[in-house]
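Colleague: Pasting in a structure now, in structure tokens, and then I'll have a few things to ask.
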Amino acid sequence: MSKPNRHNPYSFNEYLAWRNSFDYYADDFFIQKVVKHFCGKDAEKVDVKARQISKKASFRWRELSEESSRPEKRPFVLHYDGHGNRIDRIVRPKEIEIMEKEVFSERLFSDSVIPWEKLVSMFIIYQNSEACIACPLVCTEGLVKILEQYADTPETRHILTHCKEGIDGEVAIGAQYLSEIHGGSDVAANLLEAEEKNGEWRLYGKKFFCSAAHADYAVVTAKPTNSEKVALFVVPSWLPGNKEKEIRNGFTIDRLKWKMGTSELPTAEITFNGTRAYPIGPLERGLANVVGIVLTYSRLTVGLAAGAGMVRGFREAKKYSEFREAFGMKIGNFPLVKLQLREMELYARRTSAGAFKLYREFLNLEGGLKGGLTSDEPIEMRRKRFNVRELIMLQKITAAADSTDISRKAMSIFGGHGVMEDFSSLPRFYRDAAVNELWEGPKNVLLTQIHNDMRRVLEWYPPDEFVRSVLQGAARAVIESFSKELKELVAHPHLFGDDEKTLEVCARFDRFCTDFFHAYQDVALADVE
């Protein structure tokens, strides 16, 4: 029992001193093990890069991220200057501008940076959540990757250099504008028009969800005049010499979205009215390229960001449980809290290990995913590509949902303090995780796509062989159980019926996909440990 004390001496300083001095990589021995296991011959070089970037992300960039997330600093649009000129200036906190410049100056997509260095750097940076950095990073990566394959004009080669290596000390930022008002995932239904005159392409129409609207360049989907095929273009936000004058490239930023999460990231509604654009790749291959290249990197990053967020959430919740005392004992000693922390640790570690394992399989896939599910390749290579294609979608839906759950559970360890935005970053992680569940394809869309894919390859890839291939290293009983279940589910013709049998299959397939990908993550975690 305690007696009254009007000068309550309680302080959080001990916990805060630990939190503010923790190095995301140097003090995390599990992630060091993950790097050593999956990066192979590059592990030593990656370790050096990780320690270097973590010194910035863990301290300076963490503080900038937290300061820029205050609600009064949300971005807004200044449509006109003082003389009536339309400028559509996106006003963002100075902290974001400083951090963004420093992060992009690392030139993570340069030829001098190996893929594992880039991946681990992004994993460390993502432990600060979105912060108007995560989305621009992966969008820039997607732009770089598609331009590496298709840049064939002076303009597109200039953009590629600007995003990869920088020009005059400035490294450009990329974005992707795909969604229109009728819905984001149904890209084939886009109505934005691309008109060609005298060898120049101009865009006309509206895009409804344009994240990273402050970017220098954007990948944009549009249909050429009188065509039903979606083509892909790269659009500069300003034509040469006009950025300093704040003269946009033939488009207006109509408004910024008021989002629940990723609040520091300006997401806009944009009207194109004669916007200069440059085609990327064959016009008739726009949809295949945006899904096969651009969205692939975005979906991979959702899994990576989910792991990073869970790692930080668990770490801070566990330390708080060792600091906080209630009812005469540390709260971490209560059995129910201990069980909750144990579950959080499992999810954080399995998600991180699974993201690195999948990235290794993606890196080892010569030529990337390529479009479609059939080709003239040997059956073994076709199956490898199929594995990675499906695993990327499975990771996206599973890791995103897990991230929301684990963020919520981490907040609960803090009690009432857990929802206080100026007490910790966990509420921001929770809101950002919820947004990630919707970006790059919501769960229902991807589940339907996976089921369709499984049925389309039945002739050359039976369900039991797919399960055995993906879950190599799992217990035999686990493989047999998943094989039996998937065979039954894929026997159902589609997930579009409104009958009770289809609804039952939909529910089972939903559970199957989550459990199946958890099994894949568990194999990855067992390999690490």
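The values are calculated or read from the model by the stated rules, or taken from the named source; none is laboratory data. These figures come from a predicted structure and were not determined experimentally. Glycine gets a Cβ as well: all are built from the backbone with ideal geometry, and neighbour counts include every protein chain shown.
Colleague: Looking at this structure, is G367 part of a loop (DSSP other than H, G, I, E, B) and not aliphatic (A, V, I, L, M)?
Modeller: Criteria met by G367.
Colleague: Is it the case that region 93-110 has a residue that's in contact with a Phe, Trp or Tyr (Cβ under 7 Å, 6 or more places away or on another chain), surrounded by fewer than 23 Cβ atoms within 10 Å (Cβ to Cβ), assigned by TED's automatic domain parsing to the domain that holds F29 and touching a residue at least 60 places away in the same chain (Cβ under 8 Å)?
Modeller: No: region 93-110 contains no residue that is in contact with a Phe, Trp or Tyr (Cβ under 7 Å, 6 or more places away or on another chain), surrounded by fewer than 23 Cβ atoms within 10 Å (Cβ to Cβ), assigned by TED's automatic domain parsing to the domain that holds F29 and touching a residue at least 60 places away in the same chain (Cβ under 8 Å).
Colleague: Picking from R324, R285, which residue would you name as being surrounded by fewer than 22 Cβ atoms within 10 Å (Cβ to Cβ), over 30 Å from E155 (Cα atoms) and either at pLDDT below 90 or in contact with a strand residue (DSSP E or B) (Cβ under 9 Å, 6 or more places away or on another chain) (or both)?
Modeller: Within the list R324, R285, the selection yields R324.
Colleague: May I pose another question? Only one of (1) over 14 Å from the mean Cα position of the chain (by Cα); (2) farther than 30 Å from K73 by Cβ is not met by I413, so which one is it?
Modeller: (2)
Colleague: How many residues are closer than 29 Å to M260 by Cβ and more than 22 Å from the chain's Cα centre (by Cα) if we restrict to region 40-62?
Modeller: 2
Colleague: Using the structure shown, decide if A524 is under 29 Å from the mean Cα position of the chain (by Cα), at pLDDT 95 or above, surrounded by 15 or more Cβ atoms within 10 Å (Cβ to Cβ) and in a loop (DSSP other than H, G, I, E, B).
Modeller: Values: under 29 Å from the mean Cα position of the chain (by Cα): yes; at pLDDT 95 or above: yes; surrounded by 15 or more Cβ atoms within 10 Å (Cβ to Cβ): yes; in a loop (DSSP other than H, G, I, E, B): no.
For A524, the condition - under 29 Å from the mean Cα position of the chain (by Cα), at pLDDT 95 or above, surrounded by 15 or more Cβ atoms within 10 Å (Cβ to Cβ) and in a loop (DSSP other than H, G, I, E, B) - is not met.
Colleague: Let me ask something else. When region 145-192 is examined, which residues are found to be among the polar types (S, T, N, Q) and either out of contact with any Cys (no Cβ under 7 Å at 6 or more places or on another chain) or without any contact (Cβ under 8 Å) to a residue 40 or more places away in the chain (or both)?
Modeller: Those that are among the polar types (S, T, N, Q) and either out of contact with any Cys (no Cβ under 7 Å at 6 or more places or on another chain) or without any contact (Cβ under 8 Å) to a residue 40 or more places away in the chain (or both): Q149, T153, T156, T161, S179, S185, N190.
Colleague: Let me ask something additional. What helices (runs of 4 or more DSSP H) lie completely within region 426-491 and have 1 or more residues being among the polar types (S, T, N, Q) and farther than 19 Å from V505 by Cα?
Modeller: In region 426-491, the matching helices (runs of 4 or more DSSP H) lie at 426-436, 463-470.
Colleague: A further question follows. Take the residues of region 430-482 that are over 27 Å from the mean Cα position of the chain (by Cα) and hydroxyl-bearing (S, T, Y): which is farthest from M393 (Cα to Cα)?
Modeller: Top of the filtered list is S481.
Colleague: Where residues in region 309-365 are under 26 Å from the mean Cα position of the chain (by Cα) and of a type in the set (V, I, T), which of them is farthest from A524 (Cα to Cα)?
Modeller: Selected residue: V311.
Colleague: Separate question: Return yes or no: is I90 touching a helix residue (DSSP H, G or I) at 6+ places or on another chain (Cβ under 6 Å) and at pLDDT 95 or above? Show your work before the answer.
Modeller: Values: touching a helix residue (DSSP H, G or I) at 6+ places or on another chain (Cβ under 6 Å): no; at pLDDT 95 or above: yes.
In short, no.
Colleague: State the number of residues belonging to region 44-68 that are under 16 Å from K118 (Cβ atoms) and touching a residue at least 40 places away in the same chain (Cβ under 8 Å).
Modeller: 8
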